[in-house]
Amino acid sequence: MNRNRPVAVDLFCGPGGISTGFRNAGFDIAVAVDYDEAAVQTYEANHEQSPLHADIREIDTEDVLRIVRKEGYEREDVDIVVGGPPCKGFSLANMQTRSPDNPMNNLFMHFLKIVREISPPVVVMENVPGLLSMGKNEGEIKDIIVEELREMGYTIQYRILKAERFGVPQARRRVFFIGVLEGKPPFPSPTHTEAGRQATLTALTDELSPVVTVGGAIFDLPELPTGGGGSEVMEYDTSPHSDYASEMRANVDETLYNHETTINRENTVKRFEHVPQGGNWENIPPELMENYTDRSRTHGHIYYRLEEDEPALTIANFRKSMMLHPTQDRLLSVREAARLQSFPDVYRFVSSRISDKQQMVGDAVPVKLAEAIGGAVYDHLKARGYLEPGTQESLS
Ligand SMILES: C[S@@+](CC[C@H](N)C(=O)[O-])C[C@H]1O[C@@H](n2cnc3c(N)ncnc32)[C@H](O)[C@@H]1O
């Protein structure tokens, strides 16, 4: 059996942000699992293998291992189980029994059950930082995750990583739990500075690259009509304008996919016109917001217009929050959001519904952040002798 690439299992794989980053870092993805049709279709369009299209609550570890074997590996060959179990629907009541057999149990427990039964040398779990304070005593959930993994023999640490410090043009924070059976959990070192002028100056002395800005990430993409539009397929009309754009456009022909966005009504577009870069719904005259149905939820991210000279705010539900292009009066396109998540332009998001594509892009782990973590895990596996001598170097 060829052990020249470490082997990963990606649970809750979504459109494949983690899988793509880990592949770039030198991993093979033996199994990916998701229950969402659009996520599975998108994954298939961009990766060699099809994910297991299933609800993780309804499969057992043997279903995962069957695919591992079909791919030519054994359970012992799995080097990492990685994934981000969504915390939606997470119920503390469900935690009381801590039993994965409880039908009311939650997705974390299913993730942990599969980890327990595969027992890979490394486990990585991603989530929103809010997870750290969930539960009783401000953090009971985190404590349970740590305790469960410790019981399985893992040394475990968690850290909040800032995506912009790894070359992603977005100030996204996510917590990563990394557990290892041997040694210390490997976290990647930042390669880029933080946002802000002072940080850019520090970068010069620290040998960090300057943060990638929204303008640097997306301004070579064709202009779209005010209010929305753009089609599934069109052509680029300029050359790449930055190193980041060149990198994103590697291996594409003239065809540009997914530069599509929601079409908004005229009175909604009128609201857009009042919002400066860095502004939000508060810049919109109240008379234009009268019939806004969702005023109770008008926090600072609603109708936020991105600043061209900074990394983006978190691209999560950018459609629902109406995130605006820095200079055009329309929402971000799927491709622009994908660029801000560091998905290369060859990566296509597939669904008959644009809302699915917007959701998938926003939910993913940024490729470059996943690649940085994959690189650190790769180096850990190599240093600990899990890879055969003469294996290929990490690409990260
Ligand atoms: C945050 S997204 C994952 C993003 C992914 N890690 C990436 O980097 O692209 C969470 C995914 O979990 C999937 N999911 C939620 N509940 C699930 C379940 N019970 N079984 C399988 N997949 C599930 C959703 O369909 C969604 O694609």
Original post:
Can you tell me which residue in segment 9-28 is nearest to the ligand (Cβ to nearest atom), limited to those that are touching a Phe, Trp or Tyr at 6+ places or on another chain (Cβ under 9 Å) and within 17 Å of THR61 (Cβ to Cβ)?
Top reply: PHE12
Original post:
What about ILE315, is it open to solvent by 10 Å² or more (accessible area, probe 1.4 Å) and in contact (Cβ under 8 Å) with a residue 12 or more places away in the chain?
Top reply: no
Original post:
Could you count how many residues in segment 235-276 are in contact with a helix residue (DSSP H, G or I) (Cβ under 9 Å, 6 or more places away or on another chain), closer than 24 Å to PHE318 by Cα and open to solvent by 50 Å² or more (accessible area, probe 1.4 Å)?
Top reply: 5
**OP:** Write out, first by first residue and then by second, each pair whose Cβ atoms fall under 9 Å of each other, whose residues are 6+ apart or on separate chains, and whose first residue, in segment 365-384, is more than 13 Å from PRO188 (Cβ to Cβ) while the second is buried (at least 23 other Cβ atoms within 10 Å of the Cβ) and acidic (Asp, Glu).
**Re:** LEU381/ASP79
Subject >> Residue within segment 315-324 that is closer than 17 Å to ALA217 by Cβ and modelled with pLDDT of 95 or more present >> reply: yes
Subject >> From LEU256, LEU224, residue being at pLDDT 95 or above, assigned to a strand (DSSP E or B) and of a type in the set (A, V, I, L, M) >> reply: LEU256
**OP:** Sort out which residues of segment 29-58 are part of a helix (DSSP H, G or I) and within 7 Å of the ligand (Cβ to nearest atom), and write them in order of number.
**Re:** ALA39, ILE56, ARG57
Original post:
Can you spot a residue in segment 261-268 that is within 24 Å of ASP309 (Cβ to Cβ) and in a loop (DSSP other than H, G, I, E, B)?
Top reply: no
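The values are calculated or read from the model by the stated rules, or taken from the named source; none is laboratory data. It should be emphasised that the depicted structure is a prediction, and the values quoted were computed from it without experimental measurement. A quick note on method: Cβ atoms are made from the backbone with ideal geometry, for glycine too, and the neighbour counts reach across all protein chains shown. These accessible areas exclude ligands, DNA and RNA; they are computed on the full protein's heavy atoms, side chains included. Shrake-Rupley method; radii C 1.70, N 1.55, O 1.52, S 1.80 Å.
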